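The values are calculated or read from the model by the stated rules, or taken from the named source; none is laboratory data. None of the values given here were measured: they were computed from a predicted structure. With ideal geometry, Cβ positions are generated from the backbone for all residues, glycine too; neighbour counts draw on all protein chains shown. In case anyone asks, the SASA skips ligands and DNA or RNA and just uses the protein heavy atoms, side chains included. Shrake-Rupley method; radii C 1.70, N 1.55, O 1.52, S 1.80 Å.
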Amino acid sequence: MKEHYTRLFEYNLWANKEFSEAVRVNPFENQKILKLISHIANAQVIWLSRLKKEETSVGVWDEHEVHEALDMLESSSQDWLDYIYSEELEENVSYKNSKGEEFENMVSDILTHVVNHGTHTRGQIAYLLREEDIDPPACDFIFYTRT
């Protein structure tokens with residue numbers, strides 16, 4: 001199981017780096033692009049903090065400056081890989097969501113959620129980049145496997 005999630009989060013890191021590069025080199029007007037990049041980074045930080053039982057001051061929809069958002073996106077992606085290398089993935093974890101509601105899920109379900117969330121949100125970003133005549137990177141999982 002650890003190999004499966006390691007591969008998914010290696011893909012997640014790769015895809016986030018591809019989008020980071022596309023945003024770094026292509027000026028864009030639509031601030032929703034930055035909002036969504038910030039959102040992926042925030043979600044990654046928040047979910048990992050929940051698993052580690054740590055506090056975070058990051059909000060789900062906090063917006064960051066471009067370079068800060070991109071750095072946070074890449075560093076939080078690497079943090080997830082580091083977590084997977086060192087932790088048990090089959091256990092249940094209790095946490096509170098951003099509304100303070102308590103839940104319990106398997107770590108592996110949270111891992112799946114984080115990767116799916118990133119993929120979904122990168123798809124939204126790709127759509128917005130196309131609206132600005134910027135070609136988004138091809139970041140479907142199969143493209144990752146071909147690298």
Open item on the list: Under 20 Å between alpha carbons, and skipping anything fewer than 8 positions from residue 52 in its own chain: which lysines qualify?
Closed with: 2, 96, 99
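What net charge is computed for the residues neighbouring residue 127, neighbours being all others with C-beta under 13 Å from the C-beta of residue 127, Lys and Arg scored +1, Asp and Glu -1? Show your work: numbers first, answer last.
Values: positive: 32, 122, 130; negative: 131, 132, 133, 135.
Here the charged neighbours net out to -1.
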Open item on the list: I'd like the FRET efficiency for residue 29 and residue 78, computed as 1/(1 + (r/R0)^6) with the beta carbon distance as r and R0 of 30 Å, rounded to 0.05.
Closed with: 0.50
- [ ] Please report the relative contact order for the chain, taking Cα pairs under 8 Å with a sequence separation of at least 6, and give it as a percent rounded to a whole number.
- [x] 33 percent
Task: 22 Å tail of the calculated P(r), region 28-112, as % of Cα pairs - done: 29 percent
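Over the chain, give the accessible area per residue in Å² for a 1.4 Å probe, as an integer.
Numbers: 8210 Å² over 147 residues.
Normalised by residue count, the accessible surface of the chain is 56 Å².
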Task: For region 97-147: rounded, prolate or oblate by the Cα gyration tensor [a/c cutoff 1.5] - done: oblate
TODO: Grab the Cα-Cα distance for residue 143 and residue 62, subtract it from 0.36 nm times how many residues apart they are, and report the gain in nm with one decimal.
DONE: 26.1 nm
TODO: In whole angstrom, note down how far apart the Cα centers of region 26-73 and region 101-118 are.
DONE: 17 Å
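Rounded to the nearest 500, what is the chain's calculated 222 nm mean residue ellipticity when only DSSP H runs of at least 4 contribute -39500 (n - 2.57) each, over all residues? Numbers along the way, then the final one.
Numbers: 5 runs with 97 residues, N = 147.
It comes out at -22500 deg cm²/dmol, rounded to the nearest 500.
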- [ ] Report the label-to-label distance for residue 124 and residue 96 in nanometres (one decimal), using points 7 Å from each Cα along the Cα→Cβ vector.
- [x] 2.5 nm
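For the chain, what percent of Cα pairs sit more than 19 Å apart?
Numbers: 5454 of 10731 pairs.
That fraction is 51 percent.
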Task: Rough spin-label spacing in nm, given labels placed 7 Å along Cα→Cβ, for residue 132 and residue 87 - done: 3.3 nm
Open item on the list: Can you tell me which lysines have their Cα less than 21 Å from the Cα of residue 32? Leave out same-chain residues fewer than eight positions away.
Closed with: 17
- [ ] Between beta-carbons, use under 15 Å as the cut-off and find the net charge around residue 95, counting Lys and Arg +1, Asp and Glu -1.
- [x] -3
- [ ] Would you rank 75, 98 by solvent-accessible area, highest first, keeping every protein chain in place and using a 1.4 Å probe?
- [x] 98, 75
